[in-house]
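Engineer: Let me give you the structure first, and then I'll get to my questions.
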Amino acid sequence: QVQLVESGGGLVQAGGSLRLSCAFSGGPFGDYHTGWFRQAPGKEREFVASSSIGGSTSYADSVKGRFAISRDNAKEKVYLQMNSLSAEDTAVYYCAAKYYARSVYDSWGGGTQVTVSE
(Lines give C-alpha, C1' and ligand atoms only; values in the text may rest on other atoms or scores of the structure.)
Protein backbone atom coordinates (compact mmCIF):
# COMPACT_ATOMS: atom_id res chain seq x y z
CA GLN A 1 0.00 0.00 0.00
CA VAL A 2 1.39 3.37 -1.04
CA GLN A 3 2.15 5.81 1.74
CA LEU A 4 2.94 9.49 1.32
CA VAL A 5 4.39 11.74 4.03
CA GLU A 6 4.73 15.48 3.53
CA SER A 7 7.14 17.79 5.31
CA GLY A 8 8.47 21.31 5.01
CA GLY A 9 5.41 23.36 5.79
CA GLY A 10 5.44 26.25 8.21
CA LEU A 11 4.97 29.96 8.70
CA VAL A 12 6.54 32.36 6.21
CA GLN A 13 6.21 36.04 5.44
CA ALA A 14 4.65 37.22 2.21
CA GLY A 15 7.21 37.21 -0.56
CA GLY A 16 9.12 34.38 1.02
CA SER A 17 9.76 30.82 -0.09
CA LEU A 18 9.21 27.29 1.18
CA ARG A 19 10.11 23.88 -0.15
CA LEU A 20 7.74 21.01 0.54
CA SER A 21 8.87 17.41 0.38
CA CYS A 22 6.88 14.22 0.01
CA ALA A 23 8.34 10.83 0.83
CA PHE A 24 6.84 7.93 -1.15
CA SER A 25 6.86 4.30 -0.02
CA GLY A 26 5.00 1.04 -0.50
CA GLY A 27 5.16 0.68 -4.26
CA PRO A 28 7.26 1.14 -7.38
CA PHE A 29 7.70 4.91 -7.49
CA GLY A 30 8.37 4.83 -11.21
CA ASP A 31 4.84 3.54 -11.85
CA TYR A 32 3.12 6.49 -10.21
CA HIS A 33 2.27 9.98 -11.40
CA THR A 34 2.53 12.48 -8.55
CA GLY A 35 0.98 15.78 -7.66
CA TRP A 36 0.37 18.46 -5.07
CA PHE A 37 -3.02 19.76 -4.00
CA ARG A 38 -4.05 22.29 -1.38
CA GLN A 39 -7.08 23.14 0.70
CA ALA A 40 -7.61 26.55 2.23
CA PRO A 41 -10.03 27.10 5.14
CA GLY A 42 -13.62 27.01 3.93
CA LYS A 43 -12.63 26.01 0.40
CA GLU A 44 -12.50 22.80 -1.58
CA ARG A 45 -9.27 20.98 -2.26
CA GLU A 46 -7.66 22.26 -5.45
CA PHE A 47 -4.98 21.10 -7.83
CA VAL A 48 -1.61 22.85 -7.55
CA ALA A 49 0.90 20.94 -9.67
CA SER A 50 1.67 17.54 -11.12
CA SER A 51 4.69 15.63 -12.33
CA SER A 52 4.20 12.63 -14.56
CA ILE A 53 6.26 9.46 -14.72
CA GLY A 54 7.85 10.80 -17.88
CA GLY A 55 8.76 14.09 -16.22
CA SER A 56 6.19 16.39 -17.76
CA THR A 57 4.72 18.98 -15.39
CA SER A 58 1.50 20.91 -15.10
CA TYR A 59 0.49 23.82 -12.89
CA ALA A 60 -2.59 25.65 -11.76
CA ASP A 61 -2.75 29.12 -13.26
CA SER A 62 -2.57 30.65 -9.80
CA VAL A 63 0.91 29.25 -9.16
CA LYS A 64 2.51 29.29 -12.61
CA GLY A 65 5.85 31.04 -12.56
CA ARG A 66 6.06 30.88 -8.77
CA PHE A 67 5.94 27.17 -7.89
CA ALA A 68 7.99 24.31 -9.28
CA ILE A 69 7.33 20.60 -8.85
CA SER A 70 10.08 18.03 -9.19
CA ARG A 71 10.62 14.37 -8.42
CA ASP A 72 13.70 12.41 -7.47
CA ASN A 73 13.20 8.84 -8.61
CA ALA A 74 16.29 7.61 -6.79
CA LYS A 75 15.13 9.02 -3.46
CA GLU A 76 11.45 8.38 -4.20
CA LYS A 77 10.54 11.90 -3.26
CA VAL A 78 8.47 14.67 -4.74
CA TYR A 79 9.16 18.33 -4.07
CA LEU A 80 7.26 21.58 -4.39
CA GLN A 81 9.37 24.73 -4.44
CA MET A 82 7.16 27.70 -3.64
CA ASN A 83 8.39 31.24 -4.24
CA SER A 84 6.82 34.68 -3.97
CA LEU A 85 4.28 33.39 -1.51
CA SER A 86 1.22 35.42 -0.65
CA ALA A 87 -1.58 35.08 1.90
CA GLU A 88 -3.70 33.43 -0.78
CA ASP A 89 -1.29 30.49 -0.73
CA THR A 90 -2.15 29.72 2.90
CA ALA A 91 -3.54 26.19 2.97
CA VAL A 92 -2.90 22.61 3.91
CA TYR A 93 -0.82 21.10 1.13
CA TYR A 94 -1.27 17.45 0.18
CA CYS A 95 0.94 15.15 -1.80
CA ALA A 96 -0.89 12.67 -4.04
CA ALA A 97 -0.04 9.76 -6.31
CA LYS A 98 -1.88 7.74 -8.92
CA TYR A 99 -0.89 4.48 -10.55
CA TYR A 100 -0.10 5.02 -14.22
CA ALA A 101 -3.14 2.98 -15.34
CA ARG A 102 -5.60 4.95 -13.22
CA SER A 103 -7.29 8.24 -14.01
CA VAL A 104 -7.61 9.67 -10.50
CA TYR A 105 -5.26 10.22 -7.61
CA ASP A 106 -5.97 7.49 -5.09
CA SER A 107 -3.11 7.81 -2.62
CA TRP A 108 -2.87 10.85 -0.37
CA GLY A 109 -0.60 12.13 2.34
CA GLY A 110 -1.83 13.62 5.59
CA GLY A 111 -0.97 17.17 4.56
CA THR A 112 1.36 19.89 5.78
CA GLN A 113 0.24 23.37 6.80
CA VAL A 114 1.59 26.41 4.98
CA THR A 115 0.76 29.78 6.48
CA VAL A 116 1.79 33.02 4.79
CA SER A 117 1.62 36.17 6.89
CA GLU A 118 1.30 39.65 5.42
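Engineer: For the chain, report the accessible area per residue in Å² (1.4 Å probe, heavy atoms, rounded to an integer).
Structural biologist: 51
Engineer: Can you give me the Cα centroid spacing of the stretch 1-31 and the stretch 46-118 in angstrom?
Structural biologist: Spelled out, the Cα-based centre of one part sits 8 Å from the other.
Engineer: Looking at the stretch 1-68, which GluC sites (Glu not before Pro) are DSSP coil and have at most 11 other C-beta atoms within 10 Å of their C-beta?
Structural biologist: Those that pass, being in a loop and sparsely packed, are Glu44.
Engineer: Given axes a ≥ b ≥ c from the Cα gyration tensor, I'd like to know whether the chain is rounded (a/c under 1.5), prolate (a/b larger than b/c) or oblate.
Structural biologist: Numbers: a/c = 1.79, a/b = 1.73, b/c = 1.03.
Prolate shape, in that a/c is at least 1.5 and a/b is the bigger ratio.
Engineer: Of Gln13, Phe29, Ser84, whose Cα points farthest to the positive end of the dipole of the chain (charges on the beta-carbon: +1 Lys, Arg; -1 Asp, Glu; origin at the Cα centre)?
Structural biologist: Of Gln13, Phe29, Ser84, it is Phe29.
Engineer: If you don't mind, another one. Can you give the longest stretch of the chain with no exposed loop site, where a site means trypsin sites (Lys or Arg not before Pro) in a DSSP loop (not H, G, I, E or B) with at most 13 other C-beta atoms within 10 Å?
Structural biologist: 1-42
Engineer: If you place +1 on the Cβ of every Lys and Arg and -1 on the Cβ of every Asp and Glu, how big does the dipole about the Cα centre of the chain come out, in debye to the nearest 20? Intermediate values should be presented prior to the final figure.
Structural biologist: On the way: 11 positive and 11 negative charges, 37 e Å.
My answer is approximately 180 debye.
Engineer: A follow-up question, please. Just to be sure I understand the model, the point goes 7 Å from the Cα along the line to the Cβ. What's the resulting Trp108 to Ala87 distance in nm?
Structural biologist: Taking the simple label geometry, Trp108 and Ala87 are separated by 2.7 nm.
The values are calculated or read from the model by the stated rules, or taken from the named source; none is laboratory data. Please read these numbers as outputs of a predicted model, since none were measured by experiment. With ideal geometry, Cβ positions are generated from the backbone for all residues, glycine too; neighbour counts draw on all protein chains shown. Accessible surface areas use protein heavy atoms only, side chains included; no ligands, DNA or RNA. Shrake-Rupley method; radii C 1.70, N 1.55, O 1.52, S 1.80 Å.
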